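What follows is a short report on a single structure.
Read-outs: derived from the displayed coordinates by stated rules, not from any lab. Bear in mind that the values here come from a model prediction, so they are computed numbers and not experimental data. Cβ sites come from the backbone with ideal geometry, for glycine too, and all protein chains shown count toward neighbours.
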Amino acid sequence: MASPAPSPEPQRGFWATLSKTECDALIEAGVRSTFAPGSVLLAHHDSSGDVAIVWSGLIKAAVRVADDKHVVLALRGPGDIVGELAHINGGRRSAAVIAVNRVEALIVPRDRFTELLGRDRAAADSLRRIIVDRLCEADRDRLAAASMTVGQRLARYLLKLVWRHGVPVPDGSLRIDQLSQEDLAACIGGGPRTVAREMGEWRKRSIISTERRSVIVHEPAALDRIAGRHAPPP
């Protein structure tokens with residue numbers, strides 16, 4: 001028996017580009033699962049070709065480059081698809097997909113996803129657009145990083161996170177949960193000490209506040225000014 005459709009459905013990302021018929025087909029094809037923080041949804045070097053669609057929570061695509069160091073290649077949230085490149089090229093995954101906080105995701109086996117794309121051109125076109133958008137965004141990130149300080153990169157990345165995945169709090173600020181300073185450093189290619197120093201300065205200026213593995217952005221406009229011309233649009 002197919003898993004019932006979760007509610008509410010994501011309102012952005014790959015999922016939001018699909019028709020109800022396409023969404024129903026994916027729900028029928030996949031298995032909805034819940035993952036605790038730190039759990040692996042899709043393993044590094046796995047060759048299954050399965051894909052995952054994030055329903056709730058935040059995941060990171062990460063590669064361990066040393067015993068005590070990893071590089072975060074991307075953060076994804078509700079509605080986003082992950083594992084699509086390994087599905088298309090048929091190779092091993094270039095990164096692990098790990099739950100940052102409590103994550104609910106729809107895991108769709110390779111053959112069922114291939115079948116859906118083969119019979120539904122609109123879904124295949126949606127996936128192609130998502131991939132092209134991500135490649136273009138990666139190019140913009142590399143160009144921006146080449147001319148930005150760590151503080152500017154951090155401000156830019158925090159803005160991207162809160163615009164896409166931030167949860168409103170009563171005072172109107174935006175909160176990102178279960179994301180450590182080490183994660184942020186890995187995301188922007190900066191040193192943890194430098195990131196901690198920048199965030200400490202922003203706390204003094206009430207631009208942000210932090211709790212255990214959480215960041216609350218109070219003044220997005222201030223981060224926008226710090227990021228300068230490379231600031232992402234809201």
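Tell me the mean residue ellipticity at 222 nm calculated for the chain from its helices only (DSSP H runs of n ≥ 4, each -39500 (n - 2.57), averaged over every residue, nearest 500).
The helix contribution divided over the chain gives -13000 deg cm²/dmol.
For the chain, find the longest principal axis of its Cα atoms and tell me its angle to the long axis of helix 20-29, 0 to 90°, nearest 10. Between helix and principal axis, roughly 80 degrees. Against the chain, whose longest principal axis is taken from its Cα atoms, helix 192-204 shows a tilt of about 70°. Projection of the Cα convex hull of region 149-230, averaged over all directions and equal to a quarter of that hull's surface, yields 4.8 nm². A cut-off of 5 Å between modelled amide H atoms, ignoring neighbours fewer than 5 places along the same chain, links Ser39 with Ala99. Note on Arg64 and Thr34: the model spin-label points, each 7 Å out from Cα along the C-beta direction, lie 2.7 nm apart.
How much length is gained if the chain between Ser48 and Arg110 is pulled fully straight, taking 0.36 nm per residue apart and subtracting their Cα-Cα distance, in nm to one decimal? Don't jump to the answer; show the numbers that get you there.
Values: separation 62, 0.36 × 62 = 22.32 nm, distance 0.69 nm.
Once the chain is fully extended between Ser48 and Arg110, it gains 21.6 nm.
Length, then width, then depth: along the principal axes, the Cα atoms of region 47-117 run 40, 27, 13 Å.
Remark: spin-label model distance Arg205-Arg142 equals 3.1 nm, labels positioned 7 Å along the Cα→Cβ axis.
Look at the alpha carbon pairs under 8 Å that are at least 6 residues apart: their mean separation over the length of region 52-191 gives a relative contact order of 25 percent.
When you restrict to C-alpha pairs under 8 Å that are six or more residues apart and normalise by the size of the chain, the relative contact order lands at 19 percent. Between the Cα long axis of helix 121-146 and the first principal axis of the chain there is an angle of about 20°, rounded to the nearest 10.
By the count of neighbouring beta-carbon atoms within 10 Å, fewest first, Val103, Val72 end up ordered Val72, Val103.
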